[in-house]
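Derivation of every value follows stated rules applied to the coordinates shown; laboratory data play no part. Just so it is clear, the model here is predicted, and its values are computed rather than measured. Positions of Cβ are generated from backbone atoms using ideal geometry, with glycine treated the same way; all protein chains shown enter the neighbour counts.
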Amino acid sequence: MNIAIIGATGFVGQHLVTEALQRGHEVKAIARNVAQLTAGNGLTPVQADITDVPALAAALKGSDIVLSAFNAGWQNPELYNDFLAGSKAIQQAVKEAGVQRLIVVGGAGSLYIAPGQQLVDSPDFPEAYKAGATAARDYLDLLKQEPVIDWTFFSPAIEMHPGITTGRTGQYRTALDSPVFDAAQHSRLSVEDLAVALLDETETPKHSRQRFTAAY
């Protein structure tokens, strides 16, 4: 399968690249700076500005699916606006490229922790992550109106960060709009197993035009 991965050098994106290559796929790794990527063995680095829709569309042409791990930068004071603008640009470029499938890595903030209450609106939600989580939540609402692309939106586990050192187990459980909790009421997933979950979805689609989440 020909897979285009946007944000290929980021925390999530680089693990998506690794997992896809290990499964034998051809990967087009798209990033602002591709200096750390080496072409060959199924990998084609492509430098691109995601806000340049025609150029991005040209880069995506011929792909079977686009996996977007776009992140506007947690320290970016314009994170909310830049995330929405970048995500909409990617969506438009996917359409212009004629690619039928798009998987977006969003946030956990839009998951429902109680009837009518999303995690991002809970009183204990960290302020430092609120702009990004709100942007991802609002983009999901926009994506639900997409009439052409066969999209999937992925919300990671509530705890999915470099401190989760479980590594690649290949094991996870899924849900749609509410977090997956373990017996100790933790929602955790390693970034390696996030990549497993998304490549499984890439190869065997189960969440067409849906959001899903995964955790242990």
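Points to keep in mind about this one:
- Selected from Ser178, Ser68, Ser122 as most flexible by GNM, with the chain as the system and alpha-carbon contacts under 10 Å: Ser122
- Relative exposure of Leu142, Leu199, Leu102, Leu21, judged by other C-beta atoms within 10 Å (fewest first): Leu142, Leu21, Leu199, Leu102
- CD proxy at 222 nm, helix term only [per DSSP H run n ≥ 4: -39500 (n - 2.57); per residue of the chain; nearest 500]: -9500 deg cm²/dmol
- Distance from the Cα centroid of the range 54-133 to that of the range 185-206 is 17 Å (rounded to whole angstrom).
- Projected label distance in nm at Arg209 and Asp49, using a 7 Å step from Cα toward the beta-carbon: 3.5
- Asn81 paired with Thr38, simple spin-label distance in nm, labels 7 Å along Cα-to-beta-carbon: 4.2
- Rounded tilt (10° steps) of 130-143 against the dominant C-alpha axis of the chain: 70
- With contacts taken as Cα pairs under 8 Å and at least 6 residues apart, the range 151-205 reaches a relative contact order of 44 percent.
- Spin-label model, His161 to Gln185: label points 7 Å out along the Cα-to-beta-carbon direction sit 2.0 nm apart.
- Between Val148, Val120, Val104, the GNM of the chain built on Cα springs shorter than 10 angstrom shows Val148 fluctuating the most.
- Efficiency of FRET between Asp138 and Trp74 - r from beta-carbon atoms, R0 22 angstrom, step 0.05: 0.80
- Mean sequence separation of contacting Cα pairs (under 8 Å, at least six apart), scaled by the length of the chain, corresponds to a relative contact order of 18 percent.
- Cut-off 20 Å (backbone N to label point 7 Å along Cα→Cβ of Arg173), residues of the range 184-216: 184-198, 200-201, 206-207, 211-216
- DSSP beta bridges in the range 2-215 [antiparallel fraction, %, rounded to 5]: 20
- Lys88/Phe11 FRET efficiency (R0 30 Å; Cβ-Cβ; nearest 0.05): 0.85
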